[in-house]
Amino acid sequence: MEIRPARPDEFAALGQLTLEAYRTVGPQSAAYEAELVDVAHRAEHATVLVAADDDGTPLGCVTLVLPGPNVLSEHREPEAASIRMLGVAPGARGRGIGEALTLAAMEEARAVGATAMVLHSATDMAAAHRLYRRLGFVRDEALDWVPEPDVELLGFRLAL
Ligand SMILES: CC(C)(COP(=O)(O)OP(=O)(O)OC[C@H]1O[C@@H](n2cnc3c(N)ncnc32)[C@H](O)[C@@H]1OP(=O)(O)O)[C@@H](O)C(=O)NCCC(=O)NCCS
């Protein structure tokens, strides 16, 4: 497996992969599904990292948003990076791909001098919460956010 920036010819497939990954957690709103599939938009403003199998098949991806003003940023900390829309194909789970993508994002964030990594995760994303805690993230209730009624997001933070 290799982790590298996504190529434009992969954006459509990665959008579907992310959508499929999120749907395993539960139904998503139509508006959020439209965001999940829009990898081109994420790649325009941030780094979309893909985990690809030896034959090039994408198995998962994550978006790394570097510190500073950014349309994709959901926090206001000038020195913090964030990750968004981490998803691993259902058939590829439990092999450490989510962990490897998160570690790669942390490494890139550290390399540009980010002092923290923050993220939001839905209350029902139990596998993701285990993964983040395993990597040292802690809950940060100050980051908790309710973007729309019935959508409760939990804040997590890691010092880099
Ligand atoms: C969260 C997610 C990215 C993790 O991907 P992953 O590649 O399975 O991650 P890892 O292999 O590093 O570990 C995930 C954990 O889930 C377990 N797991 C999840 N699905 C599994 C499966 N089908 N088979 C075996 N183990 C599984 C792993 O054993 C591991 O458990 P542990 O932390 O107790 O050791 C993936 O489950 C996913 O895409 N979920 C839906 C989208 C989501 O919740 N994204 C997070 C946004 S904040």
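Neighbours of Glu2 by Cβ distance under 9 Å: Lys/Arg scored +1, Asp/Glu scored -1, total -1.
Distance from the alpha carbon centroid of the stretch 84-106 to that of the stretch 128-160 works out to 16 angstrom. Compactness ratio for the chain: Cα radius of gyration over 2.2 N^0.38 Å (N = residue count) comes to 0.95. Note on the stretch 6-56: with charges restricted to the Cβ of Lys and Arg (+1) and Asp and Glu (-1), its dipole about the Cα centre is near 220 debye. Once both labels are positioned 7 Å from their Cα atoms along Cα-to-Cβ, the gap between Arg76 and Leu160 label points is 2.1 nm.
Each of Gly136, Gly91, Ala31 was placed along the dipole of the chain (beta-carbon charges, centred on the mean Cα), and the one lying farthest toward the positive end is Gly136.
Accessible area of the chain with a 1.4 Å probe: how many percent of it is carbon plus sulfur? Provide the component values of the computation, followed by the final result.
Numbers: 4240 of 8130 Å².
Carbon with sulfur: 52 percent of the solvent-accessible area.
By the helix-only formula, in which each DSSP H run with n ≥ 4 contributes -39500 (n - 2.57) and the sum is divided by residues, the chain has a 222 nm mean residue ellipticity of -9500 deg cm²/dmol. Spacing of the modelled spin labels on Asp38 and Glu99, each 7 Å from Cα toward Cβ, amounts to 3.4 nm.
With Cβ to Cβ distances under 10 Å as the rule, what net charge do the other residues near Tyr132 carry (K, R +1; D, E -1)? For residues surrounding Tyr132, the net value is +4. Other residues lying with their Cβ under 11 Å from the Cβ of Ala116 contribute a combined charge of -1, Lys and Arg counting +1, Asp and Glu -1. A 1.4 Å probe run over the chain, with the rest of the protein chains in place, finds 51 Å² accessible per residue. To the nearest 10, the accessible area of Leu153 is 30 Å² with a 1.4 Å probe.
Any idea what the dipole of the chain comes to, in debye rounded to 20, about its Cα centre with Lys/Arg Cβ at +1 and Asp/Glu Cβ at -1?
On the way: 14 positive and 24 negative charges, 95 e Å.
Dipole of the chain, to the nearest 20 debye: 460 debye.
Between Glu107 and Asp144, the contour length at 0.36 nm per residue exceeds the alpha carbon distance by 10.9 nm.
The values are calculated or read from the model by the stated rules, or taken from the named source; none is laboratory data. Small disclaimer: the values here were computed from a predicted structure and weren't measured. When we count neighbours, we look across all protein chains shown, and the Cβ atoms used for this are built from the backbone with ideal geometry, even at glycine. These area figures cover heavy atoms from the full protein model, side chains too; ligands, DNA and RNA do not enter into them. Shrake-Rupley method; radii C 1.70, N 1.55, O 1.52, S 1.80 Å.
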